[in-house]
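First up is the structure itself, then whatever we jot down about it.
The values are calculated or read from the model by the stated rules, or taken from the named source; none is laboratory data. The structure presented is a predicted model; accordingly, all values stated were derived computationally and were not measured. As a convention, Cβ positions derive from the backbone with ideal geometry for all residues, glycine included, and neighbour counts pool all protein chains shown.
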């Protein structure tokens, strides 16, 4: 599928201010998701393969090295062991992850390692994870990552703009980052665990999309609360609302705390229920994940062998 590009729109302050979220209704809807739909056996295996294709395989640790990044890139290119691929009969799929996500320092390393694979490199930017570096420095970081070969830029917003209701400042900030990205796609991290209310999350989602975000993303993975299904429901409803008003398709990326195959299935079900099959593809949906692939591969090995593998058999452990 061709990548989506969302044009920069005008800030509709009236829409932002009139947006409200009913928390109890959100919680009831989320509680109904596992009861309404489940997948088993070969269908579950197929959904887990789709989860792999939608992963941004990520390393964002203080102890990252070039060797770690090269290992991650090799895993992104061949996310399943060959014996599992053969047993599933999916060799012709040429399955890869959706992207590899790294700090700016390792963008060039990842670009070189992934050359010719078609896997894009995403760079976290703008003073990740707090987003409180001087503004010009944050802009320069975006431009530097694009120049180094990053095809996607994950930026963080100034959470204070949301908490004080300064929507114009948030719009101007995200728009400036979008313009600095050039042809690279912009994924805007809201930092939902620090936005206090679901209404704030909904409003921030709308402003980020109006400013030209190609994706909206839940979290940095460094907050105390990261990707949760209630937050995901609110953000996907805002994507649906914005699409109905403008005709533009905005991607969604939950990140932080998604570590099991069961959680991945819950998120895929949410996307199918709220946005439809089109959002079950990597050009409109990504998982921000560092440990998720390990459990997905383990579940797929169980499907083909009937046995659960020991943790040491998983190459990302």
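For this structure, a couple of remarks:
- Candidates 162, 174, 234, 207 - the one that is crowded, with 17+ Cβ neighbours inside 10 Å, at pLDDT 95 or above and under 23 Å from residue 289 (Cα atoms): 234
- The conditions of being surrounded by 17 or more Cβ atoms within 10 Å (Cβ to Cβ) and modelled with pLDDT under 95 are met by residue 30.
- Hey, residue 225 under 27 Å from residue 15 (Cβ atoms), touching a residue at least 60 places away in the same chain (Cβ under 8 Å), touching a helix residue (DSSP H, G or I) at 6+ places or on another chain (Cβ under 9 Å) and not in a helix (DSSP H, G or I) or not: no
- Restricting 201, 239, 216 to residues that are more than 15 Å from the chain's Cα centre (by Cα) and either at pLDDT 95 or above or on the phi > 0 side of the Ramachandran plot (or both) narrows the list to 201.
- Candidate set from the range 275-293 (those that are in a loop (DSSP other than H, G, I, E, B), touching a residue at least 24 places away in the same chain (Cβ under 8 Å) and surrounded by fewer than 18 Cβ atoms within 10 Å (Cβ to Cβ)); member that is nearest to the chain's Cα centre (by Cα): 281
- Of all the listed residues (67, 9, 62), the sole one being out of contact with any helix residue (DSSP H, G or I) (no Cβ under 8 Å at 6 or more places or on another chain), on the phi < 0 side of the Ramachandran plot and in a loop (DSSP other than H, G, I, E, B) is 62.
- Only a single criterion out of (1) under 20 Å from the mean Cα position of the chain (by Cα); (2) closer than 24 Å to residue 85 by Cα is not satisfied by residue 302, namely (1).
- The residues listed here are 109, 38, 96; of these, the one that is over 30 Å from residue 142 (Cβ atoms) and either in contact (Cβ under 8 Å) with a residue 24 or more places away in the chain or in a loop (DSSP other than H, G, I, E, B) (or both) is 38.
- Enumeration of residues in the range 135-170 that are assigned to a loop (DSSP other than H, G, I, E, B) and in contact with a strand residue (DSSP E or B) (Cβ under 9 Å, 6 or more places away or on another chain): 148, 149, 150, 151, 157
- Residue within the range 171-181 that is assigned to a loop (DSSP other than H, G, I, E, B) and either over 16 Å from the mean Cα position of the chain (by Cα) or under 30 Å from residue 263 (Cα atoms) (or both) present: no
- Flag for residue 76 being farther than 30 Å from residue 237 by Cβ, in contact with a strand residue (DSSP E or B) (Cβ under 6 Å, 6 or more places away or on another chain), without any contact (Cβ under 8 Å) to a residue 60 or more places away in the chain and assigned to a helix (DSSP H, G or I): yes
- Only one of the numbered conditions (1) part of a helix (DSSP H, G or I); (2) within 30 Å of residue 126 (Cα to Cα); (3) over 21 Å from the mean Cα position of the chain (by Cα) is violated by residue 85, and that is (2).
- Of 14, 66, 51, all but one fail to be modelled with pLDDT of 95 or more and exposed (fewer than 11 other Cβ atoms within 10 Å of the Cβ); the exception is 14.
- So residue 191, is it modelled with pLDDT under 95 and either surrounded by 15 or more Cβ atoms within 10 Å (Cβ to Cβ) or more than 26 Å from residue 227 (Cβ to Cβ) (or both): no
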